[in-house]
Amino acid sequence: MNTNVENEFSNQQILQPQIPSLSAIEFEPLSPLYARTHRLVVLVRAFIILLLLMVVIYQPFVELPSQLNIALSIIAAILTTLNLVNYVYVYFADPKKQYALREQDINYQSGLIFRKTVSQPILRIQHVELKRGPIDRKVGLANLQVFSAGGAMHTFAIPGLDYEHAEYLRQYLLNHRDLNQHG
Amino acid sequence: MDNNADEVVTSEAQGSADTEGKGKENPQNWQRISPIALIYFVLMFIKNMFGNVIYIAPAILIGSNKVNENPGLWLPILYGFLALIALSALLSFYFFQYRLSNQQIEIRSGVFSKKYINLPFSRIQNVELTEPFYYRPFGYACMQLDTAGSIKQEAKVVAIKKQFAEQLKHQILAAHEQTLATPQQDQSAQQEPAPAPKEVILDRRNLDDLVIHGITNNRMWIFVAGLAPFIDQISSELGRWLLIIGFNVEQYFEFEGKSGWQIATTSLSLVLMIMIPITILSIIGSIIAFHDFKLSKSGDRYIRRSGLFTRNEVTMRLSRLQMIVRQQDWLDVLLGRINLRFEQSNANFSQTQPGQLTNKIVVPSVTRTECQHLIDDAYPQNQLATCQFKRVSRRLLFRNLALCLTPLIVLAAVIMIKQQGNELLPYIVGFALFISLLVVMRYRRWGYCIDDNFIYVRKGCLGIDYYCFPIYKVQQTSYKQSWFLKRKHLCSIQFVLASGAIDIPYLPEKIGLDLVNESLFQVESSKRNWM
């Protein structure tokens, strides 16, 4: 009897359950297509706006007051600078956008100078949307949007996912046990 | 009466609607609301029209010019307008029907765009009874039913007998409890769905409290919101009235040839002239909103009743509570009073006007002990009163000082270089000192504290606000770190709750990361529902 107990006896230290840390997450990159298309979109948009302004300024049909012309030129200059800055920012910031799916939450990290990691526990999700604009559809990308009770201001969104993968993520979130129990 | 209502709700639905049985009202059939609702519809129509006054303003302007040319048209237009209001109210009334059956409420409404709402009782999260002053003599109330979640779906039964509304409210909330309750404690609930627990009054507000509240908090908006369409007229009329009582505004501001003390007294009296009416209006507003304030508790439900003209009743289950806010403006700090807010999900209330108090339970101007009593009642484990708040990093202070003072320094430099108007400099220095004081105060107010169940955040500037929320109610977290903060091992974090977001800036990297990890862990491992 006594020996029996002694054999089974063990007194290992019980460690507190390790809380998984945000800093240990291995993030995955977005689709490589995303940075490329986004850059192009920024560039084309800037070009179109500039073109429109130029057309207004230099069109031969109506004589504009010179003050208006000057104002328009200044606006054009400012817009061009802003767009250039934006382009440079996007060029460096887009490759830094990344996401990670864990068992219990989904995380998204972005920002070049101001890094931000948003974590959305899956059991607090209220509904999930895939959003695809015309360009997204053309190149086969999708935006994943996750809504919680935190309100529209705090919609969790991951841009630039491959459509199939976004669809898979959406299904994963929707099929998650917690979502179905506590939704 | 009680039995009757039970029968109504629990028995089976009877298929499609019969035509309205006027003699014996059976809520299982489609039925209209009381004709008293006509007043409501008329007021809503007028309110909507003023709400859209910007869009129809050009039409009115052009129209009035035309009409001024031949004034005989005024009367017919007035009649036509009144007829339009009456017609729209009648139609709205005619098409508003509701039906109660099989534990659900259905509402049909709308004249041109039809609306149909079907709301099972178990989905209803919140029942709000409002008694507008024009309903009160007749004993009617508006019943607003809210569902939780991001889907916008709420229903309003525009006029319903108050007694019946109360019964219905009990039924709805009881139905909700049944779906949630665990089997072991459910025996009594199955037999009698609504054995309403006794109501305990937690707090009342007297007139003096409300006067204090009016002084310390600007409750002017109650008037401002109502008067918004007329604000232009009022200001022009005001000038005329002042002239009539022998007060010439232009003369008053004639500073030429007056000495310094004259200007000082003038401005002082001017400030008083503005402040006194505002304060008086604010006190009246506070009394209108909070007259006969009662906060009571019945089971796990908080019930707030208040209002001078329009009695408003808000019911909130304790589980809906997302966050407690203990708020003090600088005057509150001096007087030792606290505004306590119980905040719940604001997902459904994006449409309501900022002035309305609907989704929050505000307890105005309570004393320190009362406040602590109420907080402890809601969250017995909380340590808001005793916990030690940690300061955020001093770098926040330096950053904010730099951000606020740089433009002023640039301005001063420009003035110095231009060598003109050196007498402006003292003002700029004074202003800079004032701003610095505010920034320092704001920095000193920042604080955070955490225990096993709650996160506490302190912030403010001249006033002081405490936020306290259970960790498991967090909806989303974000962890922010700029390049500069990373070098100093600092970070900022944000917790998103259903009632709004709470930020903690510039805290040590390790603590911030732990806070985020810990709260995610609590949310995900406890799997507790946030509502």
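Figures for the structure shown
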item: Test: residue in the stretch B:413-423 that is open to solvent by less than 60 Å² (accessible area, probe 1.4 Å) and among the polar types (S, T, N, Q); result: no
item: Residues of the stretch B:78-115 classified as more than 18 Å from B:I160 (Cα to Cα) and open to solvent by 80 Å² or more (accessible area, probe 1.4 Å), total; result: 9
item: Matching helices (runs of 4 or more DSSP H) fully within the stretch B:414-531 where at least 3 residues are within 12 Å of chain A (Cβ to nearest Cβ); result: B:483-487, B:509-526
item: Test: A:V90 is open to solvent by less than 40 Å² (accessible area, probe 1.4 Å) and within 14 Å of another protein chain (Cβ to nearest Cβ); result: no
item: Qualifying residues in the stretch B:424-439 (those that are in contact with a helix residue (DSSP H, G or I) (Cβ under 7 Å, 6 or more places away or on another chain) and open to solvent by less than 70 Å² (accessible area, probe 1.4 Å)) - the one nearest to B:S393 (Cα to Cα); result: B:V439
item: Any chance B:S92 is in a helix (DSSP H, G or I) and small (G, A, S); result: yes
item: Given (1) more than 9 Å from every other protein chain (Cβ to nearest Cβ); (2) in contact with a Phe, Trp or Tyr (Cβ under 9 Å, 6 or more places away or on another chain); (3) modelled with pLDDT of 90 or more, number of the condition A:L112 does not satisfy; result: (1)
item: Of all residues making up the stretch B:303-337, the number that are closer than 10 Å to B:T216 by Cβ, in a strand (DSSP E or B) and open to solvent by less than 30 Å² (accessible area, probe 1.4 Å); result: 1
item: Filter result for the condition that a residue is more than 14 Å from chain A (Cβ to nearest Cβ), modelled with pLDDT of 65 or more, assigned to a strand (DSSP E or B) and more than 22 Å from B:F95 (Cα to Cα), over B:V158, B:V127; result: B:V127
item: Index of the failed condition, A:Q126 passing every other in (1) at pLDDT below 90; (2) loosely packed, with under 15 Cβ neighbours inside 10 Å; result: (2)
item: Residues being surrounded by 15 or more Cβ atoms within 10 Å (Cβ to Cβ), part of a helix (DSSP H, G or I) and either outside the structural domain of B:I212 (by TED's automatic domain parsing) or not β-branched (V, I, T) (or both) - total across the stretch B:268-299; result: 6
item: B:P470 vs. criteria at pLDDT below 95, within 24 Å of B:Q328 (Cα to Cα) and open to solvent by 10 Å² or more (accessible area, probe 1.4 Å); result: no
item: Yes/no for A:A149 being open to solvent by less than 10 Å² (accessible area, probe 1.4 Å), of a type outside the set (F, W, Y), more than 9 Å from chain B (Cβ to nearest Cβ) and touching a Lys or Arg at 6+ places or on another chain (Cβ under 8 Å); result: no
item: Complete set of residues in the stretch B:389-412 that are open to solvent by 90 Å² or more (accessible area, probe 1.4 Å) and modelled with pLDDT of 90 or more; result: B:K390, B:R391, B:R394, B:R395, B:F398, B:R399, B:L403
item: Members of the stretch A:56-86 found to be modelled with pLDDT under 90, open to solvent by 90 Å² or more (accessible area, probe 1.4 Å) and either assigned by TED's automatic domain parsing to the domain that holds A:I135 or part of a helix (DSSP H, G or I) (or both), listed by number; result: A:Y58, A:Q67, A:I70
item: Count of the stretch B:477-499 residues which are farther than 22 Å from B:Q383 by Cα, open to solvent by 10 Å² or more (accessible area, probe 1.4 Å) and either modelled with pLDDT under 90 or in contact with a Ser or Thr (Cβ under 6 Å, 6 or more places away or on another chain) (or both); result: 3
item: Hits in the stretch A:8-55 (condition: open to solvent by less than 60 Å² (accessible area, probe 1.4 Å), farther than 29 Å from B:L513 by Cα and either free of Cβ contacts under 8 Å to residues at least 24 places away in the same chain or β-branched (V, I, T) (or both)); result: A:T37, A:V41, A:V42
item: Any hit, the stretch A:105-118, residues being surrounded by 15 or more Cβ atoms within 10 Å (Cβ to Cβ) and in a helix (DSSP H, G or I); result: no
item: Residue in the stretch B:40-61 that is modelled with pLDDT of 75 or more and open to solvent by less than 40 Å² (accessible area, probe 1.4 Å) present; result: yes
item: Yes/no for A:E167 being more than 8 Å from every other protein chain (Cβ to nearest Cβ) and without any contact (Cβ under 8 Å) to a residue 24 or more places away in the chain; result: no
item: Residue list for the stretch B:501-527, restricted to those being open to solvent by 50 Å² or more (accessible area, probe 1.4 Å) and within 27 Å of the chain's Cα centre (by Cα); result: B:D503
item: Filter result for B:L119 (free of Cβ contacts under 8 Å to residues at least 40 places away in the same chain, open to solvent by 40 Å² or more (accessible area, probe 1.4 Å) and in the same structural domain as B:A165 (by TED's automatic domain parsing)); result: no
item: Exclusive hit being surrounded by 18 or more Cβ atoms within 10 Å (Cβ to Cβ) and modelled with pLDDT of 80 or more, set B:R368, B:R341; result: B:R341
item: Top-ranked residue in the stretch A:129-146 [being open to solvent by 20 Å² or more (accessible area, probe 1.4 Å) and within 14 Å of chain B (Cβ to nearest Cβ); ranked as nearest to A:L30 (Cα to Cα)]; result: A:Q145
item: Meets criteria (in a helix (DSSP H, G or I), closer than 30 Å to B:S298 by Cβ, open to solvent by less than 40 Å² (accessible area, probe 1.4 Å) and modelled with pLDDT under 90) for B:N348; result: yes
item: Residue check, B:N382 crowded, with 16+ Cβ neighbours inside 10 Å, modelled with pLDDT of 90 or more and touching a Phe, Trp or Tyr at 6+ places or on another chain (Cβ under 9 Å); result: no
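The values are calculated or read from the model by the stated rules, or taken from the named source; none is laboratory data. Because the structure is a prediction, the values reported are computed rather than measured. Reconstructed Cβ throughout: ideal geometry from the backbone, glycine too, with neighbour counts over all protein chains shown. Accessible surface is based on the protein model in full, side chains and every heavy atom, while ligands, DNA and RNA are left aside. Shrake-Rupley method; radii C 1.70, N 1.55, O 1.52, S 1.80 Å.
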